[in-house]
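All remarks here apply to the structure that follows.
The numbers here are math on the coordinates, done by the rules we state, and not lab data. Small disclaimer: the values here were computed from a predicted structure and weren't measured. FYI the Cβ positions are ideal-geometry reconstructions off the backbone, even for glycines, and counts take in every protein chain you see.
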Amino acid sequence: MMISKFGLREATNCSTALRKIGRNCRSMEEAAAEIVDLFYNSFTDETGSTRDFALVRVFKTHAYGKLNAELKKFARQCFPDEVVNITTKCLTLLATIGDDESWKSRRNSRGHKAIPLSSEDVVNKLPMIRNLIKQLGLDVQTVLQPDPEIVRDMSEKTYNVFLVPNALGSPYIPAQNDFVIPFHIESVLGFGGAFPDGEIFVTIIFSKKPINEDVATLFKTIALSIKVSLLPFIGKTFS
């Protein structure tokens, strides 16, 4: 597939492939790893020799108290002055793959293993995450503290997509000199949704090819297929 020629047929094929993921997986992390592999290795130029995407990642919110010791330590170090308790939502990296060797394992991530979203002030310090939440159509406070009365509605809703069509110079995409420019990032696309327990999942793609609004909109249905692949692992301990 080519992101520049991505249409309804390609979106249907992609969704079908994604819904088959996870059948032989033992954890949500394994299923997420297959998801990022599919995007990274399936979207190439016509010869199949050059990938369209520089980096693909899947995140999910987890309560701090459900993280393992390594991720808890990482989360505490992100914002040392912020109060983090067992219920604090942490945007946790489930899987990653990309052109740089350090992007091929979530355990090698230097800044995104588990980001504590302890308050709206913290979210406002993270421009990409803040705008990701807003563009998906979510309320920041609802992500931080899901209301039990609206959790069901959250899980049944189809969300928008997050799109930065021009990554170069965008205030929403940090590390311009260290990431956007050297890795030729043209566009950034995010899509996701909510699980029945109120936790949020999102896939973020950093593309070396431009992505327009029409193409981005097709990923709303793809997000639902990712949800189907990850749902069997809800409630299981994060490894």
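Taking θ as phi - 60° and the Karplus parameters 6.51, -1.76 and 1.60, the scalar couplings of region 174-179 work out to x, 6, 4, 6, 8, 10 Hz in sequence order, x denoting glycine and proline. The mean sequence separation of alpha-carbon pairs under 8 Å and at least six residues apart, normalised by the residue count of the chain, gives a relative contact order of 25 percent. Cut-off under 18 Å on the C-alpha distance; same-chain residues fewer than 8 positions from Lys209 excluded. Which lysines are left, in chain and number order? In chain and number order, the partners are Lys5. Taking label positions 7 Å along the Cα-Cβ direction at both Lys5 and Arg23, the computed distance is 2.9 nm, reported to one decimal. Each peptide in 167-175, 128-136 gets a packing score, the mean of other Cβ atoms within 10 Å over its residues, and the list from highest to lowest is 128-136, 167-175. With Rg and the Kirkwood Rh both taken from Cα atoms, where does Rg over Rh land for the chain? Here the Rg-to-Rh quotient is 0.94.
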